[in-house]
Each structure stands twice: as structure tokens, then as C-alpha cells.
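Below is one structure; the comments refer to it alone.
The values are calculated or read from the model by the stated rules, or taken from the named source; none is laboratory data. Since the model is a prediction, treat every value here as computed from it, not as a measurement. Cβ coordinates were reconstructed from backbone atoms using ideal geometry, including for glycine residues, and neighbour counts include every protein chain displayed. The protein model used for the area step is the full one, side chains on, heavy atoms only, and it has no ligands, DNA or RNA in it. Shrake-Rupley method; radii C 1.70, N 1.55, O 1.52, S 1.80 Å.
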Amino acid sequence: MNAAELKNKFDHQGFVVIKNMIEEPLLQDAIEVFNEVERYFEKSSYDPFDDFLMEHRTDQGAMYDLYFRHPEYQKITTHPNLIENLKAIMGPDILLYESALVYKPKGKKNEVPWHQDFMNRTDEPEKFIIWVALDDVTISNGALKFIPGSHKNGFLPWHRVKGETHHTRLNLDGIDLDNFEYGEMKKGDILIFHHLLLHSSDRISSEKPRRAYRFSVQNFEQVFSPRCVPVVLSGGNPSSTYKNATKKSTDKPKWKKAINKIGKKLAAYS
Ligand SMILES: O=C(O)CCC(=O)C(=O)O
Ligand SMILES: [Fe+2]
């Protein structure tokens, strides 16, 4: 599939699967890190990164911010072929938004209800999610289910259910959920999907693990990351991107910026 075909397919369906993207040694390293993290947090709750990063939730099948914690995951995130494919879909300027590893912890309520990613962040630019299969993913161990084309309906209404793992819930009344597809994948395949694509997964009691590394990206329309700092994965040429780049409300107040500017000028002259 060439770049134009890829983009066409993505725009039409809201997702594409690209086979055989991540090489076996990179997958193995990623799995080893997963095992180490799981072993460590079984015995300890001390996390030296907790001032900066999200706490892992092994009870909920989520390890967060792996890009910032583990170079093994940086290698996957910046995989040149992967970035080339992303560029074909979203253009040359790509910011990392967040990264996590999602899996199905055994013996838990591990189903994921129908949702759109970031469905309550309606004031933010669109995101693209890259979902990397670290294991073979089948219906029986927890393949994603999604509804092709559903990203075209925009943000859908949602409500909150207190005390639930997945507390932000889509209002399902009137939504046609019959025409879903399962995303079965081989390890090393990647799925790229639009954040507004409706997706879910079933409750699973399989012995076979289903681990997926997912990270999300956006363009420079808004230079912002919910954690740490925005990381540029591609592009970022000031003359073509900065004039279109707005900032989110984490912006310092104008007076603070003015003082900073004056301070810098004074420092330059001294
Ligand atoms: O882990 C799952 O089955 C669901 C994951 C999901 O919704 C996502 O990665 O956006
Ligand atoms: Fe999701």
C-alpha cells in the first residue's frame, strides 16, 4: 500500500492494520521490561517517578508512561517505518501525547466498555493511537473490537460512573454497535486508529497473555502533553510549524512571560 492508499483507507475506516512492523528482538525486550515491572511492583509500591508520571495500575491492566521510563519502549515509539506510516496518515509533524501498556489481568473484570479515546477532551486536537501487539492477539485472548467508520460521527455524549475502572462511559442509546469487527493481530503488527473510532474489548479468562503497547500522538495544533513535556517524534521545523502551534492552558500568565523575557534580555546584556 502506498502512502496515499494508506491515508485513504485510514480516513475511510478510522483505522489501518500494518503487518509485521516491529522486529522480534524489540518485542522481546519490551516483554522483558513488562515482566520486570510486574515483578517489581508485586513486592514494592515505591516508584521514584511518581512526581512526574502516572502510577501503574497492574490491577487494571495498565502500565503508564513507558516512553519516559524505558528506552526499550522509546525504540518502538520512534521505529522509522512506523513513523513513515504515521506521517502518511497525519502529516510530518508529530508530537507524543501519552504512552501505556494495556493488558488483560487474569481473574479480573477486565472487559473494556465501548468508548472513544479521550472522549471528554473535546477542546483538544485529534489524536492518532498506535496499538502495537506484543503478543498474538485473538478473539479468545482479548482482541479489540471496533466499528469501522464510526470516527466520522465526531465526539459522542458520555457520562461518569463513580468507582468503576472505566468511569467515563459513552451514552449508548441509539448507537448501532452491531457492525463491529475484531482486530486479530500477530505480534509485531500495529494498528493505527483515530481516537474517535468506537472500540471496546470483551472480558477474557484466557491463560494466554494479550499485551499491547499503545501510544498516542497529535500534530502541532496544540503543543501540549498531559505528562512531562511534549516530545517531538517527527518534524517540528519552526518556520513551518510554530506559527500554527497554539498552547494549552498550562500556559504561564502573560505577565510572567513578560518578566521572563525581560530577565532573559538583561542576562544577555550582562
Ligand atoms: O485493553 C483493551 O482491551 C482496550 C484498550 C483500549 O481501549 C485502548 O488501547 O485504547
Ligand atoms: Fe481505548
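How big is D, in µm² s⁻¹, for the chain by Stokes-Einstein at 25 °C and 0.890 mPa s if Rh is the Kirkwood radius over C-alpha pairs?
For these conditions, the coefficient is 122 µm²/s.
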Largest first and rounded to whole Å, the semi-axes √(5λ) derived from the alpha carbon gyration tensor of the stretch 7-163 read 26, 21, 17
Can you give the angle from 0 to 90° between the axis of helix 254-269 and the longest principal axis of the chain, with both taken from C-alpha atoms, to the nearest 10? 60 degrees
Karplus 3J(HN,Hα) series, Hz, for the stretch 112-128 with 6.51 cos²θ - 1.76 cosθ + 1.60 (x for Gly, Pro): 10, x, 4, 7, 10, 5, 6, 5, 9, 9, 6, 9, 10, x, 5, 10, 10
Note, ³J(HN,Hα) from phi for the stretch 98-108, Karplus 6.51, -1.76, 1.60, rounded to Hz, x at Gly and Pro: 7, 9, 7, 10, 10, 8, 10, x, 5, x, 10
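Per-residue ellipticity at 222 nm for the chain, helices alone: DSSP H runs ≥ 4 residues times -39500 (n - 2.57), over residue total, nearest 500 deg cm²/dmol? Mind showing how you got there, number by number?
On the way: 7 runs with 73 residues, N = 270.
Helix contribution divided over all residues of the chain: -8000 deg cm²/dmol.
Quick check: from the Cα gyration tensor, does the stretch 31-113 come out rounded (a/c under 1.5), prolate or oblate?
Details: a/c = 2.23, a/b = 1.67, b/c = 1.33.
Prolate is the answer for the stretch 31-113, as a/c is 1.5 or above and a/b outweighs b/c.
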Search the structure for amide H atoms under 5 Å from the amide H of Ser206, placed 1.01 Å from N in the peptide plane, and list their residues when 5 or more places away or on another chain. none
Using only the alpha-carbon atoms of the stretch 1-54 as identical scatterers, what base-10 log of I(q)/I(0) does the Debye formula give at q = 0.20, 0.24 Å⁻¹? -0.81, -0.92
Most to least packed among 208-218, 80-90 [average Cβ atoms within 10 Å]: 208-218, 80-90
For Arg57, distant residues with modelled amide H under 5 Å away: Ala62, Met63, Tyr64
Nearest 10, in degrees from 0 to 90: the angle of helix 24-43 to the longest Cα principal axis of the chain is 90 degrees
Diffing the stretch 161-169: the Karplus 3J(HN,Hα) column from phi (6.51, -1.76, 1.60, θ = phi - 60°), in whole Hz with x for Gly and Pro, holds 10, 5, x, 9, 4, 9, 7, 8, 10
How much of the accessible area of the chain, in percent, comes from carbon and sulfur atoms when a 1.4 Å probe is used? 52 percent
Could you give the angle, 0 to 90 degrees to the nearest 10, between helix 3-13's Cα long axis and the longest principal axis of the Cα atoms of the chain? 60 degrees
Rough spin-label spacing in nm, given labels placed 7 Å along Cα→Cβ, for Tyr242 and Lys43: 5.0 nm
Heavy-atom accessible area of Ser45 with all protein chains present, probe 1.4 Å, nearest 10 Å²? 110 Å²
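I need the semi-axes of the equivalent ellipsoid of the stretch 133-270: take the C-alpha gyration tensor, multiply each eigenvalue by 5, square-root it, list largest first in whole angstrom. Each step should come with its number before you reach the end.
Working: eigenvalues 337, 77, 50 Å².
Those come to 41, 20, 16 Å.
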